[in-house]
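The values are calculated or read from the model by the stated rules, or taken from the named source; none is laboratory data. Since this is a predicted model, take the numbers as computed values, not measurements. Cβ placement follows ideal geometry from the backbone for every residue including glycine, while neighbour counts extend to all protein chains displayed.
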Amino acid sequence: MTMEHINVNPEAFRRAVYALREGGVIAYPTEGVYGLGCDPQNATAVTRLLSLKHRGASRGLILIAASLDQLEPYIEPLTKEQIKKIEQTEEVVTWIVPARPGLSTLIRGDHATVAVRVTRNLQAKELCLQFGGALISTSANLKDQPPAMDNIEVYNIFEDKIDYILPGRVGGLNKPSMIKDLLTDKILRA
């Protein structure tokens, strides 16, 4: 994958990654909606992201990554069958998987599990690749409000309270991703 295929200026990715590494909160397109994200290993950034959304930590947050390898620091090791299920699912799915012991409650909430997705959005994937790891990904909205679908809506909601908005287009879902439990196959959000 090259940035020419993504149709976003390389400088935009550089600025987004810089903001992430400096502990910032950014917005970026995902498969269905614009997402808010930060470095999951920076507790101050995660706390700030939750505050911006007016949301508590008890529900937990989603982690996105360019590959399953980027999620390894956050999840229990998966079986070959579980990896195959994730990799061969055609729908865009956020999976609920067992969290690695010691994973911050800011990320997993009040659960022993964590929500993860290998993103199919080319811009989000490139962002994870350039950042060098997984990112927090939660819809760009205030609690109980509809998610932003483009960078203008993100700005109208958050104005200058976030550090950078990566320009781009969301994928074709027009809603947040499905959430499914990896161990039980139960659909938690259609």
TODO: Under 8 Å between Cβ atoms, at least 6 apart or on separate chains: pull out the pairs that start in the stretch 74-100 with a residue that is within 20 Å of Gln41 (Cα to Cα) and end on any residue that is basic (Lys, Arg) and part of a loop (DSSP other than H, G, I, E, B).
DONE: Tyr74/Arg100; Ile75/Arg100; Glu76/Arg100
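Confirm whether Ile107 is touching a residue at least 60 places away in the same chain (Cβ under 8 Å) and either in contact with a Leu (Cβ under 6 Å, 6 or more places away or on another chain) or more than 28 Å from Glu22 (Cα to Cα) (or both). Show your work before the answer.
On the way: touching a residue at least 60 places away in the same chain (Cβ under 8 Å): yes; either in contact with a Leu (Cβ under 6 Å, 6 or more places away or on another chain) or more than 28 Å from Glu22 (Cα to Cα) (or both): yes.
Criteria met by Ile107.
Looking at the structure I just gave you, is Gly35 in contact with a helix residue (DSSP H, G or I) (Cβ under 9 Å, 6 or more places away or on another chain), modelled with pLDDT of 95 or more and on the phi > 0 side of the Ramachandran plot?
Working: in contact with a helix residue (DSSP H, G or I) (Cβ under 9 Å, 6 or more places away or on another chain): yes; modelled with pLDDT of 95 or more: yes; on the phi > 0 side of the Ramachandran plot: no.
Taking the combined requirement at face value, the residue does not satisfy it.
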TODO: Evaluate the stretch 114-137: report whether one residue or more is modelled with pLDDT of 95 or more, more than 14 Å from the chain's Cα centre (by Cα), more than 16 Å from Gly37 (Cβ to Cβ) and not small (Gly, Ala, Ser).
DONE: no
Open item on the list: Every residue in the stretch 168-182 that is modelled with pLDDT of 90 or more, within 11 Å of Val93 (Cα to Cα) and crowded, with 18+ Cβ neighbours inside 10 Å, please.
Closed with: Met178, Lys180, Leu182
- [ ] Looking only at the stretch 48-88, count how many residues are surrounded by 15 or more Cβ atoms within 10 Å (Cβ to Cβ) and either farther than 19 Å from Lys125 by Cβ or over 17 Å from the mean Cα position of the chain (by Cα) (or both).
- [x] 12
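Would you be able to tell me the number of residues in the stretch 145-190 that are assigned to a helix (DSSP H, G or I) and either touching a Leu at 6+ places or on another chain (Cβ under 8 Å) or in contact (Cβ under 8 Å) with a residue 40 or more places away in the chain (or both)? Please lay out each step first, then the result.
As a first pass, look at the stretch 145-190 and keep what is assigned to a helix (DSSP H, G or I): 151-161.
In the following step, the residues that additionally are either touching a Leu at 6+ places or on another chain (Cβ under 8 Å) or in contact (Cβ under 8 Å) with a residue 40 or more places away in the chain (or both) were identified as 151, 153-154, 157-158, 161.
Total meeting the criteria: 6.
Out of Gly60, Gly32, Gly24, which single residue is in contact with a Cys (Cβ under 8 Å, 6 or more places away or on another chain) and touching a residue at least 24 places away in the same chain (Cβ under 8 Å)? Reasoning before the result, please.
Values: Gly60 fails: in contact with a Cys (Cβ under 8 Å, 6 or more places away or on another chain); Gly32 fails: in contact with a Cys (Cβ under 8 Å, 6 or more places away or on another chain).
The conditions single out Gly24.
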Task: Residue list for the stretch 119-131, filter: aliphatic (A, V, I, L, M) and buried (at least 24 other Cβ atoms within 10 Å of the Cβ) - done: Ala124, Leu127
Open item on the list: For the stretch 107-123, give me each residue that is over 24 Å from Leu166 (Cα atoms), in contact with a strand residue (DSSP E or B) (Cβ under 8 Å, 6 or more places away or on another chain) and assigned to a loop (DSSP other than H, G, I, E, B).
Closed with: His111, Ala112
